[in-house]
Amino acid sequence: MARRSIVAVIGLGRFGTAIALELEREDTEVLGIDSDPERVDEVAGRLTHAAVADSTNAEALQQLSVQDSDRAVVGIGTDIEASILTVSALDGFGIPLIWAKAISEAHARILRQVGAHHVVRPEHDMGLRVAHLVRGRMLDFIEFDDDYAMVKTRPPKSIVNLSLRESQVRRLYDV
């Protein structure tokens, strides 16, 4: 029998808690960590494991076996120093995939430099998505990278009932 995937979620604010609970619902083993005992109490019993710890202390993380995680999510946003030190510690453990929350572009750049594989800026990213949707042409929008996005949209009337080749949509719209 295959072992369940293990994800460490560090920082159990709204962002981290939402991720941790969704992963748990999807049959992923979750180790939730926060320095605030009240936040840990809120998720205790709903996650596989929940612990109070200082995530900037690599030894404390090691005692919790964070190094055995397949992936990690750092949901610390407001304490930039703690966020950076935590990502650095996780990178030192060799965790294959580290996701981290950033509150600014400079914060995101530093997180990438210290080992984050994926950086998200939830408020910024959602703002961009909503702006694209508000314009009315797009039904859904997800940006993957600076130059790549997946967009669900209604086709222009001029290409309805034409094949992709006939419509020349790639050439005309650079998609």
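One table, with the values for the structure above:
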read-out: Cut-off 16 Å, label 7 Å out along Cα→Cβ of Arg46, residues of the range 4-27 by amide N; value: 9-27
read-out: Carbon + sulfur, % of accessible area of the range 20-175 - ligands and nucleic acids excluded, 1.4 Å; value: 50
read-out: For the chain, the longest site-free run once trypsin sites (Lys or Arg not before Pro) in DSSP loop states with at most 16 other Cβ atoms within 10 Å are removed; value: 47-134
read-out: Among Ala53, Ala18, Ala116, residue whose mean-square fluctuation peaks in a GNM of the chain (springs only between Cα atoms under 10 Å); value: Ala18
read-out: Helical contribution to [θ] at 222 nm, DSSP H n ≥ 4, -39,500 (n - 2.57), averaged over the chain, rounded to 500; value: -11000 deg cm²/dmol
read-out: Contour excess over end-to-end distance, with Cα ends at Glu105 and Tyr173 and 0.36 nm allotted per residue; value: 21.6 nm
read-out: Max mean-square fluctuation residue, GNM over the chain, Cα-Cα springs under 10 Å, options Leu162, Leu85, Leu47; value: Leu162
read-out: Whole-Å distance, taken between Cα centres, linking the range 1-30 and the range 101-140; value: 21
read-out: Selected from Ala20, Ala60, Ala50 as most flexible by GNM, with the chain as the system and alpha-carbon contacts under 10 Å; value: Ala60
read-out: At R0 = 45 Å, FRET efficiency that the Cβ-Cβ distance of Asn161 and Leu97 yields, to 0.05; value: 0.55
read-out: Overall form of the chain per C-alpha gyration tensor (a/c, 1.5; a/b vs b/c); value: prolate
read-out: Charge dipole (debye, nearest 20) of the chain; +1 at Cβ of Lys and Arg, -1 at Cβ of Asp and Glu; value: 1220
read-out: The chain - accessible surface per residue (Å², probe 1.4 Å); value: 64
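The values are calculated or read from the model by the stated rules, or taken from the named source; none is laboratory data. Keep in mind the model is a prediction, meaning the values are calculated, not measured. When we count neighbours, we look across all protein chains shown, and the Cβ atoms used for this are built from the backbone with ideal geometry, even at glycine. SASA here: full protein model, heavy atoms, side chains in, ligands and nucleic acids out. Shrake-Rupley method; radii C 1.70, N 1.55, O 1.52, S 1.80 Å.
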